[in-house]
Ligand SMILES: [Fe+2]
Ligand SMILES: [Fe+2]
């Protein structure tokens with residue numbers, strides 16, 4: 001199946017690119033190894049990137065009392081993790097901006113941001129070391145769908161029509177229509193964009209967290225957040241409730257096993273505790289959406 005995913009990329013000449021400097025900045029921020037000065041210099045070597053960082057730090061999303069005009073101050077104010085997430089999300093959104101899709105892109109982003117926001121909350125509850133990373137990976141987990149939707153638009157549209165209001169899911173239908181899935185295609189795209197290995201692993205295995213090799217706990221977090229959003233019908237553009245082979249039980253046992261905080265409840269109860277955050281999550285999702293699409 002992976003071969004089929006790679007074949008899809010072969011003849012595409014207008015694939016959105018992420019500037020090499022952006023991948024480099026993200027990798028450095030991810031490793032927490034560099035000094036703010038070094039990262040600021042790297043960001044400043046790309047004027048579009050520098051302008052985005054300053055614009056976002058002053059947006060309602062991160063409201064500050066005084067205007068921040070330097071990249072270094074933005075880094076210190078937001079912290080490395082938030083800057084990393086914001087950069088990658090904005091390039092991801094912009095990369096596919098205006099590229100037509102057979103599904104509602106706004107709902108797609110709402111689903112992505114909801115999975116991000118829920119992932120962050122699950123991460124905090126299991127004391128995962130980098131809750132912001134969980135949010136970011138949650139946002140980008142389904143990138144393969146955007147690729148298939150745009151570059152195989154007619155067929156993807158036909159596929160969606162066929163499975164609408166059936167128990168068939170995109171994952172299963174993609175396999176039949178394309179001989180590959182959004183997970184494999186997403187992996188190809190993430191590798192092309194030089195995403196860190198752990199991001200690639202989650203994108204590729206978010207429907208089968210037991211296959212994750214880089215960070216199984218992170219993959220389980222994203223997988224359960226995805227399940228939560230689908231089963232609660234949050235921004236579910238494809239009218240689907242679950243994914244065959246998507247085993248939330250597997251993700252759940254990985255989560256319980258690797259959690260840094262004791263979990264006494266069952267899966268249903270654990271997820272239902274997220275319900276009280278629902279309003280806060282939808283406000284946050286609106287804010288991220290408005291900020292990121294305005295860049
Ligand atoms: Fe997915
Ligand atoms: Fe998803």
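Computed from the coordinates by the stated procedures, all read-outs in this text should not be read as laboratory data. What you are looking at is a predicted structure, and each value in this text was computed from that prediction instead of being measured. With ideal geometry, Cβ positions are generated from the backbone for all residues, glycine too; neighbour counts draw on all protein chains shown.
Its alpha carbons considered, region 17-95 gives a radius of gyration followed by a Dmax of 11.4, 35 Å. Region 31-99 and region 145-198 have Cα centres separated by 30 Å. If R0 equals 25 Å, the separation of the Cβ atoms of residue 191 and residue 31 corresponds to a calculated FRET efficiency of about 0.85. How large is log10 I(q)/I(0) at q = 0.09, 0.18, 0.21 Å⁻¹ when the Debye formula is applied to the Cα atoms of region 1-156, each weighted equally and without solvent? Reported log10 I(q)/I(0), two decimals: -0.34, -1.19, -1.38. Rg and Dmax of the chain, based on Cα coordinates, read 18.6, 54 Å. For region 168-236, pairs of C-alpha atoms spaced more than 14 angstrom apart make up 62 percent of the total. From helices alone, the chain scores -20000 deg cm²/dmol at 222 nm; the rule is -39500 (n - 2.57) for each run of n ≥ 4 DSSP H residues, then divide by the residue total.
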